[in-house]
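The values are calculated or read from the model by the stated rules, or taken from the named source; none is laboratory data. Computed from a predicted structure; not experimentally measured. For neighbour counting, all protein chains shown are included, and Cβ atoms are generated from backbone atoms with ideal geometry for every residue, glycine included.
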Amino acid sequence: MENINTDCEIIDSYFSDEAIAKIIKEMEDGEARRHVENSAESVMPKGAEPSGSYDDRLAHAQTVVEQIRQQSKQKATPKVAEIAPSPKKAEIKYPELPLDLSNLSHEHLVSMANELACRYRREKEYWEIRDEFVFVSLALNQYGLSAPAFRNQPRIPHFMNKRDDSHEQLLIDQIVIDCHWVYCSREEVAVLWPELKVMFDHESPFDCIVVCTQMAAKNWSKEFRADELLRLSNRQQHQLMQIRGEKLKDQYRRLTEGGKQLNPEGRSTRFPAQVLPIRKAITEWADRKHQVRGHQDMYQALWVARELLGSDAPIKHIADLAALQCGIKPLSARTVADKLKLLDTILDAAGIS
């Protein structure tokens, strides 16, 4: 009541006791009391003497109170133009699987994926490309030649303050696409929870909505999904975009993209991709030997696959992972072993161990 008493002092000289009592009663309801002084002075300048009968003065007091109420409402209610409209989410749908790929080649789908990724980097609007991106990704999964981790895809900003609802949806979609890849590859998956085994049941079509609601939309870590929930091996995780541990993701990023590290002065500096000197040695080799030309990507993919899986990994696993990088069918284990030996000879000659 302290503020109300102060307000009463302002208008005390204007009205009779009965009129003042009525104003006080009105002011106790809401925020009107904050604007008494300005409103009262606008109606009757301070120091002026009220005139007229009691009814006239009472009516005048009611007018003041009503003006106070209107000012309070105007200040309490924001203008429509000042409220920024929230971004409209696209309707979340997934295509019915399996897709009809009779008129779509793998090469055409890869070209479409590259075009969509470039468009996203240019326009930064995932909702505009989402339907196409999901369709193309699921179609590539059905072909089974190019794994999600090795495709040109939209990227989610690293810093949380630069993300919005479209990035949240992109993450969900990429998890769904990863699960569909595992389903299409017919890999053995020891799912932790029995109720989630239906996601990889090949007796029925893959259901994107089930995966979305029961796993992809959950606020779980990459490690929990990959290591605990699906119990995927490192070889399986290296094929996926989002369902892989952070250490494995960082390992591939350092190999193919580089990264940042602190220098002795404590400043962040960028280091180049570890594959760059390997690629240069392969390019120099191809310049000298025409038989190597056209196979540079495969030699690079073999080196990356061996780095990811380890030098003691089975040759077949290295062959499979290299093929998934290039989008082709795997070479035979014997051919891959011979190529790796030849590559090591070239790298040794270039001073790369």
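General remarks:
- Residue match in the stretch 216-231 (condition: surrounded by 18 or more Cβ atoms within 10 Å (Cβ to Cβ) and touching a Lys or Arg at 6+ places or on another chain (Cβ under 7 Å)): yes
- Counting the residues of the stretch 88-129 that are touching a residue at least 40 places away in the same chain (Cβ under 8 Å) and small (Gly, Ala, Ser) gives 2.
- Test: Ile282 is part of a helix (DSSP H, G or I) and either more than 30 Å from Lys341 (Cβ to Cβ) or not assigned by TED's automatic domain parsing to the domain that holds His158 (or both): yes
- Taken together, the residues in the stretch 296-353 that are touching a Ser or Thr at 6+ places or on another chain (Cβ under 9 Å), small (Gly, Ala, Ser) and free of Cβ contacts under 8 Å to residues at least 40 places away in the same chain amount to 1.
- Any hit, the stretch 147-160, residues being farther than 26 Å from Leu229 by Cβ and either assigned by TED's automatic domain parsing to the domain that holds Asn219 or surrounded by 14 or more Cβ atoms within 10 Å (Cβ to Cβ) (or both): yes
- Residue match in the stretch 193-212 (condition: touching a Leu at 6+ places or on another chain (Cβ under 7 Å), within 24 Å of Lys247 (Cα to Cα) and of a type in the set (A, V, I, L, M, F, W, C)): no
- Cβ-Cβ under 9 Å pairs, at least 6 apart or on other chains, the stretch 146-170 side touching a residue at least 24 places away in the same chain (Cβ under 8 Å), far side among the hydroxyl-bearing types (Ser, Thr, Tyr) and part of a loop (DSSP other than H, G, I, E, B): Asp165/Ser86
- Selection count, the stretch 94-143, where residues are hydroxyl-bearing (Ser, Thr, Tyr) and not in a helix (DSSP H, G or I): 3
- The residues listed here are Leu302, Leu321; of these, the one that is touching a Lys or Arg at 6+ places or on another chain (Cβ under 8 Å), part of a helix (DSSP H, G or I) and over 28 Å from Asp173 (Cα atoms) is Leu302.
- One residue from Ala333, Ala337, Ala323, Ala313 being within 26 Å of Leu109 (Cβ to Cβ) and among the aliphatic types (A, V, I, L, M): Ala323
- Considering the stretch 161-186, and only residues there that are surrounded by fewer than 15 Cβ atoms within 10 Å (Cβ to Cβ) and either hydroxyl-bearing (Ser, Thr, Tyr) or more than 10 Å from the chain's Cα centre (by Cα) (or both), the residue that is modelled with the lowest pLDDT turns out to be Asn161.
- In the stretch 324-353, residue surrounded by the most Cβ atoms within 10 Å (Cβ to Cβ) [restricted to those that are under 32 Å from the mean Cα position of the chain (by Cα) and outside any helix (DSSP H, G or I)]: Gly327
- Filter result for Leu302 (within 31 Å of the chain's Cα centre (by Cα), more than 26 Å from Phe200 (Cα to Cα) and crowded, with 18+ Cβ neighbours inside 10 Å): yes
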